[in-house]
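All remarks here apply to the structure that follows.
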Amino acid sequence: MTNEGPPSPPRNVVFNINETSLFLEWSPPSDTGGRKDLTYNVLCKRCGADPQECELCGGDLRFIPRPQGLVNASVTVLDFTAHANYTFEIESLNGVSEMSSFPRPVTAITISTDQGGPSLVGVVRKDWASQNSIALSWQEPEQPILPVLDYEIKYYEKEHEQLSYSSTRAKAPSVIITGLKPSTRYIFQVRARTSTGYSSYSPKFEYETGDETSDMAADQGQVLVIVTAAVGGFTLLVILTLFFLITGRCQWYIKAKMKSDEKRRTHYQNGHIPFPGIKTYIDPDTYEDPTQAVHEFAKEIDPSRIRIERVIGAGEFGEVCSGRLRTPGKKEIPVAIKTLKGGYVERQRRDFLREASIMGQFDHPNIIRLEGVVTKSRPVMIVVEYMENGSLDSFLRKHDGHFTVIQLVGMLRGIASGMKYLSDMGYVHRDLAARNILVNSNLVCKVSDFGLSRVLEDDPEAAYTTSGGKIPIRWTAPEAIAYRKFSSASDAWSYGIVMWEVMSYGERPYWEMSNQDVILSIEEGYRLPAPMGCPVALHQLMLHCWQKERGHRPKFTDIVSFLDKLIRNPSSLLTLVEDIQGLPESPGDVPEYPLFISVGDWLDSIKMSQYKNNFMAAGFTTLDSISTMSIEDVRRIGVTLIGHQRRIVSSIQTLRLQLLHVQEKGFHV
Ligand code: ACK
């Protein structure tokens, strides 16, 4: 005989809507049906004036973490349309709901997204197309209630509609989209954004890129449109037109304009406004001819100056070797040589050399230095400074426990300094991880592995996401996973993960949790505990880097100055919670720790539930008592594996911090 039954519906649904997301939250049902396996489903409908005439929302809406089987009483909805009404029906379920013959009671809420956004973008015109690029323009919305902040242009290959899409932004009502495939049909849609959110997308427009032989100057009428827009003066227009018609320089002009437009677009895309006098990064993909980019940023080396000594590893494109580089009048220097293996196609050559075009723009002691390239003979090579200790992750694993905290902080300081330089240049790395940092014989750490999307294609850690990109989930900020919002703030999140990798001597972030579990845990507020022996101040910095709101994360300049202070004042690395109230000049509150309710919850969260009985049998039945345990206690209750001891002890440190935090704030667990 059992009293179990289906739960009552959820209560008190509230919502919060901002620019791009709609957050729904509710209270658990008053009656859980006598069971603990409570979950929620959220169903979205769009209803007309007659409530009987509802239809299900299309697949365009995205639910984070998902629409069904929610464990927490909240969900985030993305990609909704402005000026629309959505009705969300939320139901509670438990293991016996399926058996109930009654219609399931739901709690419904209707939300209007009519936030005063701009009206629709209408016709999107193609101005011109080349093999790899298409230029589009459209009319600005007439009399928008609020000024348009920018436009989002979504595009995808017509043939692969269901697989993925890319998007980019433009400040003005025109854009040049690069990196497209030749002779391929693409679908484009544009929407505008104001301070209150997005408009709905424009209708779909289909345009095709040119073929391998296409000439950008073929469409003379469109050339004139661009010239008019760019120059703006009639007289100049006439002169230029005559000049172009006589000399056939149109192609040159468009390329030059495209280059300068696209350079500008790249900076804005990164949210980076270039300051006069400060060098900014130029995306090599904005060059029609990638070889030109390589030669602009990298020196061509005569291969007779290179002596290859041995193979030290394998890269995506070919072997990585060590060797020597001779430069007339200078001392021979040790170098690493990346080679492009034979039989490559043009695209591989371009992808391979893209890294050199990026690296060649940087000049900083914590960024790997490019010596030059060999492109005029075979094999094609990229020559960089030699880093005796190889990649940081394997180096730390090899030397587990060998360094002082100050040495580790020194390494972290170097990485932060390199990242500060990159973010000042307007470059977003997207794949910052210990495996992509190299270490030299003086323990100097340098950021390496450049190449934007290609880096992610090569990275064995990168996994495909629903938004179509390939992303190293464990290192990536939630907004970059959810909607590819990569920025220096998402690099700061990755930097926090690198800090954790360093302080745990190369431990894998989130251990063997699956990528999906990592995404869900982060969404639920879980953050990596401090590694064993990690000063609280450093864990606090990591937690700052992992703030959900990207605007609250510290800037790299804050991180560098914070680490500098720690290095100048090593005793701060021994201090505990009361000394860690915030970073200098870093915005945002000290983040709260997730609160665990029971010992079981806590062990589950660190994937160590197999030891639950050991804790119970030894009398450690409350989180309070566990927070007092030492490493000897952990060993004594039967945790014999070093990796497990390490994980449990580091989590106990966090637990201690959490309990202290709770006491300070007056919360009750
Ligand atoms: O961990 P590792 O020894 O360091 O193995 C990898 C391998 O090549 C494949 O990437 C090593 N490697 C890459 N670049 C350099 C470099 N500039 N100096 C020394 N080793 C390098 C890397």
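Residues of the range 536-572 being among the β-branched types (Val, Ile, Thr), surrounded by fewer than 17 Cβ atoms within 10 Å (Cβ to Cβ) and over 21 Å from the mean Cα position of the chain (by Cα), which ones? Working first, answer last.
First pass over the range 536-572, keeping only residues among the β-branched types (Val, Ile, Thr): 536, 557, 559-560, 567.
Imposing the further condition that a residue be surrounded by fewer than 17 Cβ atoms within 10 Å (Cβ to Cβ) reduces the set to 557, 567.
Hit for the range 536-572 is Ile567, nothing else.
Got a number for residues in the range 621-645 being farther than 18 Å from Gly401 by Cβ, in a helix (DSSP H, G or I) and within 37 Å of the chain's Cα centre (by Cα)?
Adding up the residues that qualify gives 3.
This table checks each residue for (1) among the aromatic types (Phe, Trp, Tyr); (2) surrounded by fewer than 19 Cβ atoms within 10 Å (Cβ to Cβ); (3) in a strand (DSSP E or B).
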{"site": "Asn41", "(1), (2), (3)": "no, yes, yes"}
{"site": "Asp50", "(1), (2), (3)": "no, yes, no"}
{"site": "Gln68", "(1), (2), (3)": "no, yes, no"}
{"site": "Asn72", "(1), (2), (3)": "no, yes, no"}
{"site": "Thr81", "(1), (2), (3)": "no, no, no"}
{"site": "Ser92", "(1), (2), (3)": "no, no, yes"}
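If Asp424 meets every condition in (1) within 14 Å of the ligand (Cβ to nearest atom); (2) surrounded by fewer than 23 Cβ atoms within 10 Å (Cβ to Cβ) apart from one, which number is that one?
Asp424 satisfies all of (1) within 14 Å of the ligand (Cβ to nearest atom); (2) surrounded by fewer than 23 Cβ atoms within 10 Å (Cβ to Cβ) except (1).
Which of (1) over 27 Å from Glu346 (Cα atoms); (2) at pLDDT 75 or above is the odd one out, the single condition Ser166 does not satisfy?
(1)
Would you mind stating whether Val311 is among the hydrophobic types (A, V, I, L, M, F, W, C), part of a strand (DSSP E or B), more than 24 Å from Gly414 (Cα to Cα) and out of contact with any helix residue (DSSP H, G or I) (no Cβ under 8 Å at 6 or more places or on another chain)?
Numbers: among the hydrophobic types (A, V, I, L, M, F, W, C): yes; part of a strand (DSSP E or B): yes; more than 24 Å from Gly414 (Cα to Cα): yes; out of contact with any helix residue (DSSP H, G or I) (no Cβ under 8 Å at 6 or more places or on another chain): yes.
So Val311 fits the description; yes.
Can you name the condition, by its number, that Glu316 falls short on among (1) within 15 Å of the ligand (Cβ to nearest atom); (2) at pLDDT 90 or above?
(2)
What's the total number of residues in the range 329-371 that are under 30 Å from Pro182 (Cβ atoms), over 29 Å from the mean Cα position of the chain (by Cα) and surrounded by 15 or more Cβ atoms within 10 Å (Cβ to Cβ)? Show your work before the answer.
At the first step, the residues of the range 329-371 found to be under 30 Å from Pro182 (Cβ atoms) are 338-361, 370.
Now drop any that are not over 29 Å from the mean Cα position of the chain (by Cα), which leaves 341-345.
Filter once more, so that each one left must be surrounded by 15 or more Cβ atoms within 10 Å (Cβ to Cβ): 341, 344.
Looking only at that region, the number is 2.
Please verify whether Gly600 is within 28 Å of Glu523 (Cα to Cα), assigned to a helix (DSSP H, G or I) and modelled with pLDDT under 90, treating the condition exactly as stated. Reasoning before the result, please.
On the way: within 28 Å of Glu523 (Cα to Cα): yes; assigned to a helix (DSSP H, G or I): yes; modelled with pLDDT under 90: yes.
The answer is yes for Gly600.
Using the structure shown, decide if Leu396 is more than 20 Å from the chain's Cα centre (by Cα), modelled with pLDDT of 95 or more, within 16 Å of the ligand (Cβ to nearest atom) and surrounded by 21 or more Cβ atoms within 10 Å (Cβ to Cβ). Working first, answer last.
Working: more than 20 Å from the chain's Cα centre (by Cα): yes; modelled with pLDDT of 95 or more: yes; within 16 Å of the ligand (Cβ to nearest atom): yes; surrounded by 21 or more Cβ atoms within 10 Å (Cβ to Cβ): yes.
Criteria met by Leu396.
Only one of these is of a type in the set (Val, Ile, Thr), in contact (Cβ under 8 Å) with a residue 40 or more places away in the chain, away from the ligand (no atom under 13 Å from the Cβ) and crowded, with 23+ Cβ neighbours inside 10 Å: Ile382, Ile415, Ile406. Name it.
Result of the check over Ile382, Ile415, Ile406: Ile415.
For the range 320-354, name all the residues that are touching a Gly at 6+ places or on another chain (Cβ under 9 Å) and either within 11 Å of the ligand (Cβ to nearest atom) or of a type in the set (A, V, I, L, M, F, W, C) (or both). Full working, then the answer.
Here is the first cut: in the range 320-354, the residues touching a Gly at 6+ places or on another chain (Cβ under 9 Å) are 320-321, 325, 334-342, 344, 351-352, 354.
Those that are touching a Gly at 6+ places or on another chain (Cβ under 9 Å) and either within 11 Å of the ligand (Cβ to nearest atom) or of a type in the set (A, V, I, L, M, F, W, C) (or both): Val320, Cys321, Leu325, Pro334, Val335, Ala336, Ile337, Lys338, Leu340, Phe352.
The values are calculated or read from the model by the stated rules, or taken from the named source; none is laboratory data. Please read all numbers here as calculations on a predicted model, not as lab measurements. Cβ coordinates were reconstructed from backbone atoms using ideal geometry, including for glycine residues, and neighbour counts include every protein chain displayed.
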